[in-house]
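Down below is the structure, laid out as structure tokens.
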Amino acid sequence: MEGKPSSSKVVEQDGDYESEELGSSDPDVSGNEKMPKYEKFIGDLLNKDYEFKLGMEFNSLVEFKDAIREWSILNGREITFVKNESNRVRVACRGKCVFLALCSTVCDKHTFQLKTWVGTHTCARVLNNKSANSKWVSKVVVEKRQHNGKVKVSNLMAELRSKYSVGISKERAWRAKHIAGEIIEELKKQNDGNTAKINVERPIPTLPPRFGSFYFCFDGCKKGFLHGCRPFIGVDGCHLKTKYGGQLLIVMARDPNDQYFSLAFGVVET
């Protein structure tokens, strides 16, 4: 007997999942009925309690894979990419529980949508998480080197264990340090002409450093001034209305169209 089709029916077609609940978010679709607008993924809000929702849209599959890996590691779960293709990614739990997610293209648009989401893990939390690969650990190393300069393998392993509840081997930590070093060297090559200087004050050695002043000038601003601006500059400033106070100073020039051209910036106490 043929029954009335359910509105929440999910079918698989041509190796992909399609849901009758998930229409295209394209505003130019034909017909008078407006299709629903779905939530966009915001990476800055990602944490262990972040809620992925059915229909959530991503700019790329790389963004989705990085987000689901980060979320899984923060929650102590291991995942595996069952399908990892140019137009879709299917994620399952390595512990063989019910967790499942599928993200694929939205029609002919350059947008990717979460079309299947079973976001509850029934497996136990793991310490030696294989999802925390060298590439993911290298991001932690880059962030630490921004503040401390050098990072020891033993300190890295201890911080991952205490902060993220993730245990890694020495080999993985060494590989992560190597990847992070390559990332930093590439950044230095791409920004070789930039100039930045930070002055800190430390009246008492036992206290942490206190911000004093900051200066930076981009290489593109330097080249633009030398090759396209008249040889006149001016300096202006304004007060920063925050609890820390201080003043923002700007060196300005004039371009050939007689428009303002920012050359250098600085933040000082007074």
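The values are calculated or read from the model by the stated rules, or taken from the named source; none is laboratory data. Fair warning: this is a prediction, and the values are worked out from it, not measured in the lab. Neighbour counts are summed over all protein chains in view; Cβ atoms, including those assigned to glycine, are modelled from backbone coordinates with ideal geometry. Surface areas here come from the heavy atoms of the whole protein model, side chains and all, with no ligands, DNA or RNA. Shrake-Rupley method; radii C 1.70, N 1.55, O 1.52, S 1.80 Å.
Is the shape of the range 176-220 best called rounded, prolate or oblate, per the rule: a/c under 1.5 gives rounded, else a/b larger than b/c gives prolate, else oblate, with a ≥ b ≥ c the square roots of the Cα gyration tensor eigenvalues?
It comes out oblate by the Cα gyration axes.
Please sort by residue number the trypsin sites (Lys or Arg not before Pro) in the range 54-117 whose DSSP state is loop and whose Cβ has at most 10 other Cβ atoms within 10 Å.
Answer in residue order: K96.
Leaving out ligands, DNA and RNA, and with a 1.4 Å probe, what % of the accessible surface on the chain is carbon or sulfur?
Roughly 53 percent, rounded to a whole number.
What is the list of residues in the range 203-231 whose amide nitrogen lies under 16 Å from a point 7 angstrom out from the Cα of D255, following Cα to Cβ?
Hits in the range 203-231 for D255 at 16 Å: 218-231.
What is the chain by shape, rounded, prolate or oblate, if you read a ≥ b ≥ c off the alpha carbon gyration tensor as root eigenvalues and call it rounded for a/c under 1.5, prolate for a/b larger than b/c, and oblate otherwise?
In terms of gyration-tensor shape, oblate.
Quick one: which residues, 5 or more positions from M56 or on another chain, have an amide H under 5 Å from its amide H? H modelled 1.01 Å from N in the peptide plane, none for Pro or chain starts.
L114
Quick check: residue separation of K83 and S262 times 0.36 nm, minus the Cα distance between them. What number comes out in nm?
59.7 nm
Test of the criteria: in the range 135-193, which trypsin sites (Lys or Arg not before Pro) are in a DSSP loop and have at most 10 other Cβ atoms within 10 angstrom of their Cβ?
Here the trypsin sites (Lys or Arg not before Pro) that fit, given the DSSP loop and packing criteria, are K150.
What order do C93, C107 take when sorted by accessible area (1.4 Å probe), most exposed first?
C107, C93
Please give the net charge around P256, taking every other residue with its beta carbon less than 15 angstrom from that of P256, where Lys and Arg add +1 and Asp and Glu add -1.
Combined, the nearby Lys, Arg, Asp and Glu give +1.
How big is the accessible area of M252 in square angstrom, nearest 10, if you roll a 1.4 angstrom probe over the protein chains?
Only protein atoms counted, so the area is about 40 Å².
Heavy atoms only, probe 1.4 angstrom, no DNA, RNA or ligands counted: give me D236, D44, D219 ranked by accessible area, highest first.
The most accessible residue leads, giving D44, D236, D219.
Heavy atoms of the protein only, probe of 1.4 Å, neighbouring chains included. What is the accessible area of W174 in Å², nearest 10?
Near enough 150 Å² of accessible area.
Modelled label-to-label distance, N59 and T242, 7 Å Cα→beta-carbon offset: nm?
Going from the N59 label point to the T242 one covers 2.4 nm.
Taking K223 as the anchor, which lysines have their alpha carbon closer than 23 Å to its alpha carbon, excluding any fewer than eight residues away along the same chain?
K223 reaches K188, K189, K197.
Put S262, S86 in order of accessible area, largest first, 1.4 Å probe: what do you get?
S86, S262
At 222 nm, what value in deg cm²/dmol follows for the chain if DSSP H runs of at least 4 each add -39500 (n - 2.57) and the sum is divided by all its residues, to the nearest 500?
-8500 deg cm²/dmol
Probe 1.4 Å, all protein chains in place: accessible area of T195 in Å², nearest 10?
Rounded to the nearest 10, that gives 50 Å².
At 1.4 Å probe radius, can you tell me the per residue accessible area of the chain in Å²?
67 Å²
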